[in-house]
Number of protein chains: 2
Amino acid sequence: MQFHLNGFQPGDPEISDPAERIQVSGAPGTVPEQVDVLIVGCGPAGLTLATQLAQFSDIKTCIVEQKPERLLVGQADGIACRTMEMFHAYGFSERVLKEAYWVNETTFWRPDDLAPGKIVRSGRVQDVEDGLSEFPHVILNQARIHDGFLDVMRKSPARLEPYYSRRLLDLEVDPAAGPADHAVTVRLERIDAANEGKVETIKARYVVGCDGARSTVRKSIGRELHGDSANHAWGVMDVLAVTDFPDIRFKALIQSAKDGSLLIIPREGGYMVRIYVELAKLDVGERVANRNITADDVIAKARRILKPHTLEVKEIAWWSVYEIGQRLTDKFDDVPEAEIATRLPRIFIAGDACHTHSPKAGQGMNVSMQDAFNLGWKLAVVIGKRCAPSLLHSYSAERQAVAKELIDFDREWAGILASAAKAGGADAARTQDYFVRHGRYTAGTATHYRPSVLTGAASHQHLAQGFVIGTRFHSAPVIRLADAKPVHLGHAAQADGRFRIYAFSRAEDPAAAGSAIRALCDFLTEARESPVKRYTPAGADIDSVIDLRAVFQQDHRELALAAMPPLLLPRKGRYDLIDYEKMFCSDLKSGHDVFAMRGIDREAGCMVVVRPDQYIAQVLPLDGFAGLASYFDGFMLQAR
Amino acid sequence: MQFHLNGFQPGDPEISDPAERIQVSGAPGTVPEQVDVLIVGCGPAGLTLATQLAQFSDIKTCIVEQKPERLLVGQADGIACRTMEMFHAYGFSERVLKEAYWVNETTFWRPDDLAPGKIVRSGRVQDVEDGLSEFPHVILNQARIHDGFLDVMRKSPARLEPYYSRRLLDLEVDPAAGPADHAVTVRLERIDAANEGKVETIKARYVVGCDGARSTVRKSIGRELHGDSANHAWGVMDVLAVTDFPDIRFKALIQSAKDGSLLIIPREGGYMVRIYVELAKLDVGERVANRNITADDVIAKARRILKPHTLEVKEIAWWSVYEIGQRLTDKFDDVPEAEIATRLPRIFIAGDACHTHSPKAGQGMNVSMQDAFNLGWKLAVVIGKRCAPSLLHSYSAERQAVAKELIDFDREWAGILASAAKAGGADAARTQDYFVRHGRYTAGTATHYRPSVLTGAASHQHLAQGFVIGTRFHSAPVIRLADAKPVHLGHAAQADGRFRIYAFSRAEDPAAAGSAIRALCDFLTEARESPVKRYTPAGADIDSVIDLRAVFQQDHRELALAAMPPLLLPRKGRYDLIDYEKMFCSDLKSGHDVFAMRGIDREAGCMVVVRPDQYIAQVLPLDGFAGLASYFDGFMLQAR
């Protein structure tokens, strides 16, 4: 898709008339008086959370935003592979793939040894290693990501729309309230001209602050961002420009001899490019705003760095200067460390409210959305009475550790860029090496949750060495048994709050009387300890809480569908129709055999238990019934 | 995507609330008084044509439909690979891929030799041969295909919506009118309750009848459908059912010993299935409607054929009985054969108005849409004064021949099914063999336009043996030079009315001073005879009429972008921005080398000229400047 040729226009580029792209949106009227979850802030974290909760028609969610309308021009734009996997679960990866720029290679430029006033290309690397994800690393205006969430939200069972022009005044928790009570009272001020000064009061069971680095919710629970103060100013601009720099359509990291660094991020539509420009070292405590830097200053600096190449800026779609250090909050909810055993969280923060850092590694928006994906399903299963409220403690525990790693990474990366700059680009090789080594990290696939009630120990990791417990389920191609469709195994996982068990069969015929798959199905269907029996509400579909999928080693033509265990052909819905999408086979013809790709023990087989946010909870033997039962017993509530 | 579990619901399955799926649509008010093109009928042909014309803001199009609203339940549902390629050019293939059922394998069933009252599987074949198209064969409710077109139309430069509840009364051509006049006067009757009986008059330069087998437009130009009368009745139903027939999620062709044939077409959403059931031989002239066949009759027959398998129908989403022979009109416009040299066509017919046949080969909707794709760009370039109006004669010439082939194929296929049925399924092997041999035909890729002013002779076919002149451009994977993105070469072709020249380079460095690619670019940029110079209007982008793309043999890392000829880095739009999407390289890493895949002469290179409807017009030597010029001179008009 090519667009923005005749100037940047916000909104859906498939709508020809720019005026039609900016539709009025937002919920009308006043906010509801009482909700299960109040989300403050319509950034990536808030929208990820709201869209997840909107999948449940029995959960009452409200999302409010201070701005008067949806975001139209971008800030963040980097979408890691892992985030694309999440977008698939949310149902809009196709649109992002179509519209976004794909980061295929990254190139590195440094001063020419013979003429240091000129830059030369010093290296080029494939941006994402082969096989790391079924999705590419892409770049798309944050505003369009928002639009994707808003569209899914609007169409979802809860039909959610944000309430715009609301400023959070304060929130108060009733300390005497019980766990199911709407204990948090929040006051919102309307700031649109028509309603200016009107105050709305809303009572919520849970409040989530996705309200950015200056989060009012964070302040209300007495938490602070700790860390380095900013000391380096950068400029960023989205431009339509003409240049003879040959890598203008590649992500390119350029280090000049005397003028600092510049980062090229090509943008969607084929013509626009984002340029990050290193501007100046700031004094301690100095704010970049006080330097009165203009867009022309940023362009002039970019031109000096790009020499001998030209840069003629025709239009600036958006620009900004910023200074950001690495800062982190020590806990992401309202429960002090010492009170975890005795108190349940009611207020959470996510995204920039918890962690801020430099944008150049393209991590911020991605980590924020993963925060919200982690919290979203936990709120849903607790509100839906499927899990105990103590599960909510795991949000801060898991995500604060990830944010800590992010901050450390960002500090190290910023240091490398700074030292390379100081060395006049002489450290270009080190920079490139660091970039390659940390590719999995920047792709978002290195997140590794430590053992907890939700994440098992590595006792049986050897049964599936490529499905590392605590990391995201790494999809692989398979063939669906019932219709021979080539699909991705991981795409069975939708953002629907369900746990999944992927049962990888032994080499035997899974339909045979004594097969391990049949024994597992018998256990799940019949045994008193079966988590499927125990935790699936009466009258609900058999896969509505725990969704079993089976993967076979044979070619699909060798297996007899009708002979398979009934649990793999479950009867569902008002008509008791058969769901034919539970069984998969290795894709032997293409050579992508999931058993080989993920190091699965072909003799023993195994079960891989996956959380609703796509993280691997357990690897267990196919007959590890007790382990499976005790895993779910650890945090789930018996179905009514 | 899974949906329809709790009953069939029309409309977009991504919208959770079924009531929200059925939005009011259609243009308000009265039709315009004067248009360039009036399209009668909102079926697949009419919508394909309207959507094509809607891409041009300077063409005034009106589309009218007798029904009161958009189609909600389906009739046709088979989407051939070739049609998916067209949907990509129209911009909505992604949505169809996501929502549709994919036909991966077809299975064949026949009576058991030992127990002829039971059916057994006699074979299974891959539905589409490897490499035939980058798209699969899919199945999706015709109504959802309509929605795809309607969405693109609405968002397009012309912002088109159909006018519903209009019945065509009559049309009259002013024989004295000049070629640019609005010579056709059409009267439409409004048939909605609020406007019943109101008559609207509209003057059009061209009228296209996409109004089905009983086409009023066809009758108005005195043409008739000729062919066999119907003599066999079939039932068709879309059902939610429970069965133990194991291939219910495969396309399956079942021949019973005594009860005739049955065809299973699994449907989108995972639960619904379409079943075609052979009912009865009719007497000569007998109409199936007179037999009073009920849905229960159809189900009962299906059950007998499926024995020993069960079939329990839970809900019927749609059903019908029909008898269709193979019928064809001898010409698709209003100009008698004898007057072609002296008269220009003003009235056209497309789709079922021209040809009707049995639905079981899944061809009808596909051929109808290809009719309209063929006509659409021709109308656009003639109305836009880029080509002479005599070009419009080629529509009937090209498409009538295709329809003739379709009728012949359909008759042969119906005959094979009938004789196999008569033989009690004993001819199952012959049926399967025929199915496999005609796979390219049913995939829609066998269409082959004969030499004409639009389609060159085979003089240079040896330069690119895999790009057969007169057939559709068969896409292949390549790597885009400027950003290393893996893309499909054929996806450069959008439905934008432009011709494309794919220049396949010699093994030499294309950037070198004496390279053949550079010589071609010099010719196109400088020579008086250059079709790019001659036919591109002053002030328009250089690629707005003829779009040059180059494909190189080297790995993209070996080539220097900045050294390439300026025509391959064209300056466009109000800012003279550079378009970086004109150059591609072989995808050597994946092993899919387009030069090898399409039999391109590596020493000589070649040019492949592609029409706006994706059909190959010419294969020429890279220095075949005169041939290139004379091709375009044959039908284009000098730019003003």
### Task
Once the label point is placed 7 Å from Cα along Cβ, list for residue B:571 the distances to the corresponding points in the other copies, in nm, shortest first.
7.3
### Query
Which distance in nm do the two modelled labels at residue A:458 and residue A:623 give, with both placed 7 Å along the Cα-to-Cβ direction?
2.7
### Task
Calculate, axis by axis, the spread of Cα positions in the stretch B:124-204 along the three principal axes, and write the results as whole Å, longest axis first.
57, 38, 30
### Task
Output the peptides A:200-208, B:80-88 sorted from most to least packed, where packing is the average of other Cβ atoms within 10 Å over each peptide's residues.
B:80-88, A:200-208
### Computed lengthening from residue A:401 to residue A:73, 0.36 nm per intervening residue step minus Cα-Cα distance
115.0 nm
### Summary
With label points set 7 Å from each Cα along the Cα-to-Cβ direction at residue B:281 and residue B:57, the distance between them in nm comes to 6.2
### Summary
Taking the alpha-carbon centre of each part, the distance from the stretch B:516-540 to the stretch A:174-200 in Å is 67
#### Entry: Binned Cα-Cα distance frequencies in the stretch A:406-526 - 5 Å width, integer %
2, 8, 11, 14, 16, 13, 10, 7, 6, 5, 4, 2, 1, 1, 0
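Provide the three semi-axes, in whole Å and in decreasing order, of the ellipsoid equivalent to the stretch A:62-221 as defined by the square roots of 5 times the Cα gyration tensor eigenvalues.
Listed largest to smallest, the semi-axes of the stretch A:62-221 are 42, 20, 17 Å.
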### Net charge contributed by nearby residues that have their C-beta within less than 10 Å of residue B:238 (K/R +1, D/E -1)
0
### Query
Label-to-label distances across copies for residue A:297, with labels 7 Å out along Cα→Cβ, in nm, shortest first?
8.5
### Task
Apply the Debye scattering formula to the stretch B:521-564, with a single equal point scatterer on each alpha-carbon and no solvent, then give log10 I(q)/I(0) at q = 0.15, 0.28, 0.33 Å⁻¹.
-0.50, -0.99, -1.19
### Task
Would you please name the GluC sites (Glu not before Pro) within the stretch B:366-418 that are DSSP coil residues with at most 10 other C-beta atoms within 10 Å of their C-beta?
none
#### Entry: Convex hull of the stretch A:23-136 built on C-alpha atoms - directionally averaged projected area, nm²
11.3
### Message
Between residue B:219 and residue B:639, how high is the FRET efficiency from 1/(1 + (r/R0)^6) when r is the Cβ-Cβ distance and R₀ = 35 Å? Nearest 0.05.
### Response
0.30
### Message
Could you derive backbone 3J(HN,Hα) for the stretch B:108-118 from the dihedral phi with the Karplus parameters 6.51, -1.76 and 1.60 (θ = phi - 60°), listing whole Hz in sequence and x where the residue is Gly or Pro?
### Response
10, 10, 8, x, 5, 4, 7, 9, x, x, 10
### Task
Using every Cα-Cα pair within the stretch A:151-304, state what percent have a distance larger than 19 Å.
72
### Task
Identify, for chain A, the residue whose C-beta comes nearest the rotation axis onto chain B, and round that distance to whole Å.
A:94, 2
#### Entry: the stretch B:457-601 - percent of accessible surface contributed by carbon and sulfur, probe 1.4 Å
52
### Query
Projected onto the charge dipole of the stretch A:1-159 (+1 at Lys/Arg Cβ, -1 at Asp/Glu Cβ, origin at the Cα centre), which of A:22, A:54, A:1 gives the Cα projection farthest towards the positive end?
A:22
### Message
Tell me which GluC sites (Glu not before Pro) from the stretch A:214-310 have a DSSP coil assignment and no more than 16 other beta carbons within 10 Å of their own.
### Response
A:224, A:286
### Query
Charges only on Cβ, +1 for Lys and Arg, -1 for Asp and Glu: so what's the dipole of the stretch B:499-636 about the Cα centre, in debye to the nearest 20?
240
### Task
At q = 0.23 Å⁻¹, what is the base-10 log of I(q)/I(0) for the stretch B:215-303 according to the Debye formula with one equal point scatterer per Cα and no solvent? Please give it to two decimals.
-1.12
### Task
Calculate, in whole percent, how much of the Cα-Cα pair population of the stretch A:514-617 lies beyond 20 Å.
46
### chain B, relative contact order in percent, only Cα pairs under 8 angstrom and at least six apart counted
14
## Note on the structure
Ordered by number, the trypsin sites (Lys or Arg not before Pro) in the stretch A:563-601 that occupy a DSSP loop and have at most 15 other Cβ atoms within 10 Å are A:574, A:589
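Could you list the square roots of 5 times each eigenvalue of the Cα gyration tensor of the stretch B:265-359, that is, the equivalent ellipsoid semi-axes, sorted largest first and rounded to whole Å?
40, 18, 10
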## Note on the structure
Eigenvalues of the alpha-carbon gyration tensor of the stretch A:1-53, times 5 and square-rooted, give semi-axes in Å, largest first, of 32, 14, 8
### Message
How many angstrom lie between the Cα centre of the stretch A:567-624 and the Cα centre of the stretch A:7-69?
### Response
35
### Task
Every other copy gets compared here: list the nm distances from the residue B:7 label point (7 Å along Cα to Cβ) to its counterparts, shortest first, one decimal.
5.1
#### Entry: Quotient of C-alpha Rg and 2.2 N^0.38 Å, computed over the protein assembly as shown
0.96
### Query
Counting Lys and Arg as +1 and Asp and Glu as -1, each charge on the Cβ, what is the dipole of chain B about the Cα centre in debye, to the nearest 20?
300
### Message
Restricting things to Cα coordinates, could you compute the convex hull volume per residue of the stretch A:95-151 in Å³?
### Response
97
### Query
Cβ under 12 Å from residue B:464's Cβ, residue B:464 left aside: what net charge do those residues give with Lys, Arg +1 and Asp, Glu -1?
+1
### Query
With charges set only on the Cβ (+1 for Lys and Arg, -1 for Asp and Glu), what does the dipole of the protein assembly as shown come to about its Cα centre, in debye to the nearest 20?
160
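Per residue and in cubic angstrom, what volume does the convex hull of the Cα atoms of the stretch A:31-87 have? Kindly include the intermediate steps, with their values, before the conclusion.
On the way: hull volume 5.6 nm³, N = 57.
For the stretch A:31-87, the hull spanned by Cα atoms encloses 97 Å³ per residue.
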## Note on the structure
Kirkwood-based Rg/Rh on the Cα set of chain B evaluates to 0.98
### Task
Determine the principal axes of the Cα atoms in the stretch B:302-409, then give the extent along each, sorted from largest to smallest and rounded to whole angstroms.
64, 28, 18
### Task
Using the Kirkwood radius over Cα pairs, work out the Stokes-Einstein diffusion coefficient for the stretch B:479-547 at 25 °C and 0.890 mPa s, in µm²/s as a whole number.
177
### Message
For the stretch B:160-284, what does the relative contact order come out to in percent, with C-alpha contacts under 8 Å and a separation of six or more?
### Response
18
### Query
What spacing in nm lies between the two simple spin-label points modelled at residue B:174 and residue B:519, each 7 Å away from Cα in the Cβ direction?
5.4
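The values are calculated or read from the model by the stated rules, or taken from the named source; none is laboratory data. A quick note: this is a predicted structure, and the numbers were derived from the prediction, not measured. Glycine also receives a Cβ, built like all others from the backbone with ideal geometry; neighbour counts cover every protein chain displayed. Please note that ligands, DNA and RNA were not included when accessible areas were found on the heavy atoms of the full protein model with its side chains. Shrake-Rupley method; radii C 1.70, N 1.55, O 1.52, S 1.80 Å.
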